[in-house]
Amino acid sequence: MNAPEISVIVPVWNAAAFVDEALASIRGQKVSDLEVILVDDGSTDSFPDRAAEFTAPARYVRQSNEGPASARNHGLRLAQGQLVAFLDADDVWTPGHLYRLREALRTNPAAGIAQGRMQQFTIGKDGGEYRSGAYRMPYMGSCLFHRRVFDECGVFDESMRYGEDYDLIFRCWERNVIKCEVDEVSLLYRLHSGNSDWNNSSHAHAIVIKKRLERMRAGSVASNHAPPVPFQKYIGEISEADQWSRWLA
């Protein structure tokens, strides 16, 4: 059997309430040559009981609770595709996301990453869905990676429970991995009470900067080397898209 073109890695921890919607959004992509690897990171809800439901192209594997970095790395070890995408189990992809980003990488063969925009969304007390404006942040779910990026930059830092996605993107910047940007929205990021990175974002950012400083002090990154896409650009995009006050109150 030929290897799939794209491997989709879905880390899952106590997300039984959301995973069906995430999987539906994967099935809604305009790409058929893919595999889906569900990595259960020690869930204690009803999700493990449903393992038998997941059939090809979805594959279910389980590990003890070791955090999202470990779950993503587990998926990477199993992945067969030369292109790799990640989707958290409580998030959703827009239709055509994988197709658009795959075509962007085909058009830009020197690029290692393609990235679309993202929107945050929540379900209000009235049952309606509310979304932020579109913006860009270093979230895995809005990206498609060439497999070679992980060979060049390493995998996710399993010592980090938060911010491991930012840390990887920083290491890609430091190694001048080319990223091509797609204007359409790729990722719908769900806001809910269990968001680990939302609740710990300031702490995660501090750890990522500390890790970068450690690499600079160790000489693995030049002290005068600035990322080709400054982090401030992402912060600026959030400010431009600030429509949150309507539904975060």
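The values are calculated or read from the model by the stated rules, or taken from the named source; none is laboratory data. Since the structure is predicted, the reported quantities are computational estimates derived from the model, not experimental observations. A quick note on method: Cβ atoms are made from the backbone with ideal geometry, for glycine too, and the neighbour counts reach across all protein chains shown. In case anyone asks, the SASA skips ligands and DNA or RNA and just uses the protein heavy atoms, side chains included. Shrake-Rupley method; radii C 1.70, N 1.55, O 1.52, S 1.80 Å.
Just a few scattered comments:
- Residues in the stretch 111-147 that are modelled with pLDDT of 95 or more, open to solvent by 20 Å² or more (accessible area, probe 1.4 Å) and in a loop (DSSP other than H, G, I, E, B): Arg147 alone.
- Residue satisfying condition, being outside any loop (DSSP other than H, G, I, E, B) and within 18 Å of Arg190 (Cβ to Cβ), within set Ser25, Ser7: Ser25
- Failed item, numbered, when Glu53 is tested on (1) charged (D, E, K, R); (2) more than 22 Å from Gly154 (Cβ to Cβ); (3) touching a residue at least 60 places away in the same chain (Cβ under 8 Å): (3)
- Single condition Glu174 does not satisfy, out of (1) modelled with pLDDT of 85 or more; (2) loosely packed, with under 15 Cβ neighbours inside 10 Å: (2)
- Condition broken by Ala16, with the remaining ones in (1) closer than 18 Å to Glu158 by Cβ; (2) in a loop (DSSP other than H, G, I, E, B); (3) touching a helix residue (DSSP H, G or I) at 6+ places or on another chain (Cβ under 6 Å) satisfied: (1)
- Scanning the stretch 213-233 for residues that are within 23 Å of Tyr139 (Cα to Cα) and at pLDDT 80 or above gives Leu213, Glu214, Arg215.
- Residue selected from the stretch 150-164 under the condition open to solvent by less than 20 Å² (accessible area, probe 1.4 Å) and touching a residue at least 60 places away in the same chain (Cβ under 8 Å), by the criterion nearest to Gly67 (Cα to Cα): Met160
- Hits in the stretch 24-36 - residues which are surrounded by 14 or more Cβ atoms within 10 Å (Cβ to Cβ) and either modelled with pLDDT under 95 or over 15 Å from Asp90 (Cα atoms) (or both): Gly28, Gln29, Val31, Leu34, Glu35, Val36
- Checklist (1) part of a helix (DSSP H, G or I); (2) crowded, with 19+ Cβ neighbours inside 10 Å applied to Ala85, failing item: (1)
- Checking each residue of the stretch 52-60 against the condition of being within 25 Å of Tyr162 (Cα to Cα) and surrounded by 13 or more Cβ atoms within 10 Å (Cβ to Cβ) gives at least one match.
- Ser186 being among the polar types (S, T, N, Q) and modelled with pLDDT of 85 or more: yes
- Just one of (1) open to solvent by less than 30 Å² (accessible area, probe 1.4 Å); (2) out of contact with any strand residue (DSSP E or B) (no Cβ under 8 Å at 6 or more places or on another chain); (3) in a loop (DSSP other than H, G, I, E, B) fails for Ala69. It is (3).
- The set of residues in the stretch 153-171 being under 17 Å from Ala114 (Cβ atoms) and either touching a Leu at 6+ places or on another chain (Cβ under 9 Å) or at pLDDT 95 or above (or both) consists of Cys153 alone.
- Only residues that are in contact (Cβ under 8 Å) with a residue 24 or more places away in the chain, open to solvent by 10 Å² or more (accessible area, probe 1.4 Å) and over 12 Å from Ala85 (Cα atoms) were counted in the stretch 1-16, giving 5.
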